[in-house]
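The values are calculated or read from the model by the stated rules, or taken from the named source; none is laboratory data. Please read all numbers here as calculations on a predicted model, not as lab measurements. Because the Cβ atoms are built from the backbone with ideal geometry, glycine has one as well, and the counts that use them run over all protein chains shown. For accessibility, only protein heavy atoms count, side chains too; no ligands or nucleic acids. Shrake-Rupley method; radii C 1.70, N 1.55, O 1.52, S 1.80 Å.
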Amino acid sequence: MKNFILFFLLCTGIITGFTCAQAQVSDYYEEPRLYLGSISANGNFVEVNYDINVAGYVELHLIDTKGQKIWIKGQLRNKKGQYLFKIPTEPMTKNEKYNILVRFKGKEEKSNFYSPS
């Protein structure tokens, strides 16, 4: 009987400890978010600003009017904050509309801009 009570108390303690540890981890979890900011031409580059709320890998796809991907770039960010992609204007046709697709942890944001003349 003593062995059964000891075993029961041991199992209860392990389950309680695991539940408390799991609750503490979930208290610090933050749903990943990606905010696409301004897009502006700056010299030989088009700058795409974005903001992330957790660390992770961010990927940008540049798509022309025919729907073909002409440029893909990824950045691994080790902390949350505001960042930017610099897209070279060299492969772009002047005054042409381009779409961008930014991916981050299963989230996608789309936008477009006209290449500088």
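Yes/no per residue for (1) assigned to a helix (DSSP H, G or I); (2) in contact (Cβ under 8 Å) with a residue 40 or more places away in the chain; (3) polar (S, T, N, Q):
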residue	(1), (2), (3)
V48	no, yes, no
L60	no, yes, no
G67	no, no, no
Q75	no, no, yes
K86	no, yes, no
I100	no, yes, no
P116	no, yes, no
Meets criteria (of a type in the set (G, A, S) and open to solvent by 80 Å² or more (accessible area, probe 1.4 Å)) for G81: no
Test for I70: is it of a type in the set (A, V, I, L, M) and farther than 23 Å from E31 by Cβ: yes
Conditions (1) open to solvent by 90 Å² or more (accessible area, probe 1.4 Å); (2) touching a strand residue (DSSP E or B) at 6+ places or on another chain (Cβ under 7 Å); (3) at pLDDT below 90: number failed by Y28: (2)
Residues that are part of a strand (DSSP E or B), within 13 Å of F104 (Cβ to Cβ) and open to solvent by 80 Å² or more (accessible area, probe 1.4 Å), drawn from segment 31-45: Y35
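One line per residue, one yes/no per condition, for (1) loosely packed, with under 10 Cβ neighbours inside 10 Å; (2) modelled with pLDDT under 90; (3) on the phi < 0 side of the Ramachandran plot:
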{"site": "E47", "(1), (2), (3)": "no, no, yes"}
{"site": "E59", "(1), (2), (3)": "no, no, yes"}
{"site": "L62", "(1), (2), (3)": "no, no, yes"}
{"site": "K66", "(1), (2), (3)": "yes, no, yes"}
{"site": "W71", "(1), (2), (3)": "no, yes, yes"}
{"site": "R77", "(1), (2), (3)": "no, no, yes"}
Number of the exception - G17 against (1) modelled with pLDDT of 90 or more; (2) in a helix (DSSP H, G or I): (1)
